[in-house]
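The values are calculated or read from the model by the stated rules, or taken from the named source; none is laboratory data. Keep in mind that this is a model prediction, so the values were computed, not measured. Glycine also receives a Cβ, built like all others from the backbone with ideal geometry; neighbour counts cover every protein chain displayed.
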């Protein structure tokens, strides 16, 4: 048999001969390529019911019917098979269907009709229960009528007869199609010897490659294909690269979605060289890709631009820009089997107030032109077991289902962004499980069943892990201090982070997804503190001049007083310096300007600060 035939087809072929109860779950609403010549054309794209009809008819079953709790038992493909089934099950066809309710114990209910069809030996029958996930509200809230119905189905499968056919012996089958197995009562399939569950997956890499290579021309308008293809025939290696990239970008897409890509490609008159842009158009709904508009000249000056905003963190900035350069050059994820992963992943660690969040904002502005492209989530708000529903969306029937998830909504709104997850260690482990999928597969399905993609994002986690550790007695003490050189701080913090994920959480796989992208920020040292103070004072004077036409001058003596007070304690980093500037400069200056009724168009000189006063005060004068 062809090696490209899907795994589930092989399982269906194997277990349909030995298991009378088959449960098909997973990608059941997709369309499928029928892989062999038979009652439908080879490689024809068909729905699952049509696929099953063709398979069982080609393999010797005499009657195949489909049950819907809305329509009853039907066969829209072969009325003769429905007639044969009705005769075998001692039922009556009315208006092209065998009417049958799912619930109840009457002889005309679906479970009893199916039980009779599976017990008889005149014709080999297959009964397919379509959309069986919708027959009951929940397997945990079944009334006795629901229990009776599933119990009859299970008894029917356990007592299924084997029928002699021209192609050999065939057992009567019950095929149950569900979104996921646990939509059914657990006792219906767990430890049931006559049952086999088969999972239908989205097309794997080989199937997608077969599609794009065998039907490449169908993705383009005829005129476009005739114009572009001669060059690719002369350069087959470029064609192979293009097809390989397409296969990687379409990981996780269903066959129905791949077919939609073909329609989009034709509709948009896409050139062959732009084939992969159709994938972005399908996933995100628009063609404009900020990554493609990035200026290399702008990125060459990125470190200098960052240093204007983030002081004393040259090593961290260098590591950050390495990840960005990998993303821009397309080198990110080359060693991985998945090409749909996020553009980059960073884990910012270090003391508080040293520039971790500011770096993320600066990166968003550099890459996407706006700080608002940095979407921040405070993970201390997601510490409960149900918090994953806030991020990803509540399932149907639960409060908040209509609103969707905060994270998935943000990605739907703007898939080109920086995702900043602050203090990740405070999130519940349920959320860490979701991050595993995002980091590995680059996609997530929300509570409403919509898939969002993270392949155009950079994900940044921040953490204070490793700054303090607990001893054997549960006492918290400093793991690193300001008097340590940066190299020692980096080593100790990284070691503590590894211990946390491996030993405390027991989740080394999370650490493996982050890889070597742990970036340790240094303490704000004296030199960096001086630069931060100068920058903040300059920002204040500039804004006063631009917004109020007010010239502010700080005398050298006054600046030294401010300097000594603001930099006396650097344990709270740049944020601590900012708090001191607000307390010692902004608040007293506002008070002085208000008291002297100076709102604009003036020259003010700060002569001294009284940092010990309560509240702090300053001495000022005006100049003509």
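The table below gives the values:
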| read-out | value |
| --- | --- |
| Filter result (outside any helix (DSSP H, G or I), in contact (Cβ under 8 Å) with a residue 60 or more places away in the chain and within 18 Å of residue 148 (Cα to Cα)) within segment 103-134 | 129 |
| Any hit, segment 345-365, residues being surrounded by 16 or more Cβ atoms within 10 Å (Cβ to Cβ), in a loop (DSSP other than H, G, I, E, B) and in contact with a strand residue (DSSP E or B) (Cβ under 7 Å, 6 or more places away or on another chain) | yes |
| Some residue of segment 204-224 being over 29 Å from residue 35 (Cβ atoms) and outside the structural domain of residue 51 (by TED's automatic domain parsing) | yes |
| Index of the failed condition, residue 384 passing every other in (1) surrounded by 18 or more Cβ atoms within 10 Å (Cβ to Cβ); (2) modelled with pLDDT of 80 or more | (1) |
| Subset of segment 598-624 that is assigned to a loop (DSSP other than H, G, I, E, B) and over 52 Å from the mean Cα position of the chain (by Cα) - its residue that is surrounded by the fewest Cβ atoms within 10 Å (Cβ to Cβ) | 624 |
| Check on residue 395, outside any helix (DSSP H, G or I), at pLDDT 85 or above and assigned by TED's automatic domain parsing to the domain that holds residue 506 | no |
| Criterion (at pLDDT 85 or above and on the phi > 0 side of the Ramachandran plot) met by exactly one of 466, 474, 515, 495 | 466 |
| Test: residue in segment 78-88 that is touching a residue at least 40 places away in the same chain (Cβ under 8 Å), touching a strand residue (DSSP E or B) at 6+ places or on another chain (Cβ under 6 Å) and in a loop (DSSP other than H, G, I, E, B) | no |
| Any hit, segment 267-280, residues being over 20 Å from residue 244 (Cα atoms), outside the structural domain of residue 47 (by TED's automatic domain parsing) and not in a loop (DSSP other than H, G, I, E, B) | yes |
| Enumeration of residues in segment 445-487 that are surrounded by 14 or more Cβ atoms within 10 Å (Cβ to Cβ) and assigned to a strand (DSSP E or B) | 445, 451, 452, 453, 458, 459, 460, 461, 462, 463, 465, 469 |
| Qualifying residue in segment 88-108 (condition: closer than 20 Å to residue 165 by Cα, more than 39 Å from the chain's Cα centre (by Cα) and in the same structural domain as residue 172 (by TED's automatic domain parsing)) | yes |
| Residue match in segment 313-323 (condition: within 23 Å of the chain's Cα centre (by Cα) and surrounded by 12 or more Cβ atoms within 10 Å (Cβ to Cβ)) | yes |
| Some residue of segment 287-306 being part of a helix (DSSP H, G or I), surrounded by 15 or more Cβ atoms within 10 Å (Cβ to Cβ) and in contact with a strand residue (DSSP E or B) (Cβ under 8 Å, 6 or more places away or on another chain) | no |
| Helices (runs of 4 or more DSSP H) wholly inside segment 494-568 containing at least 3 residues that are within 15 Å of residue 424 (Cα to Cα) and outside the structural domain of residue 594 (by TED's automatic domain parsing) | 508-514 |
| Search result, residues across segment 422-444 that are under 30 Å from residue 524 (Cα atoms) and in a strand (DSSP E or B) | 422 |
| Out of 114, 136, 98, sole residue that is modelled with pLDDT of 95 or more, farther than 16 Å from residue 175 by Cβ, surrounded by 13 or more Cβ atoms within 10 Å (Cβ to Cβ) and in contact with a helix residue (DSSP H, G or I) (Cβ under 6 Å, 6 or more places away or on another chain) | 98 |
| Subset tally (residues that are under 25 Å from residue 102 (Cβ atoms) and part of a strand (DSSP E or B)) for segment 41-77 | 10 |
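Residue by residue, here is whether (1) surrounded by fewer than 19 Cβ atoms within 10 Å (Cβ to Cβ); (2) without any contact (Cβ under 8 Å) to a residue 12 or more places away in the chain; (3) within 44 Å of the chain's Cα centre (by Cα); (4) farther than 22 Å from residue 593 by Cα holds:
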position: 530; (1), (2), (3), (4): yes, no, yes, yes
position: 540; (1), (2), (3), (4): yes, no, yes, no
position: 543; (1), (2), (3), (4): yes, yes, yes, no
position: 547; (1), (2), (3), (4): yes, yes, yes, no
position: 551; (1), (2), (3), (4): yes, no, no, no
position: 559; (1), (2), (3), (4): yes, no, no, no
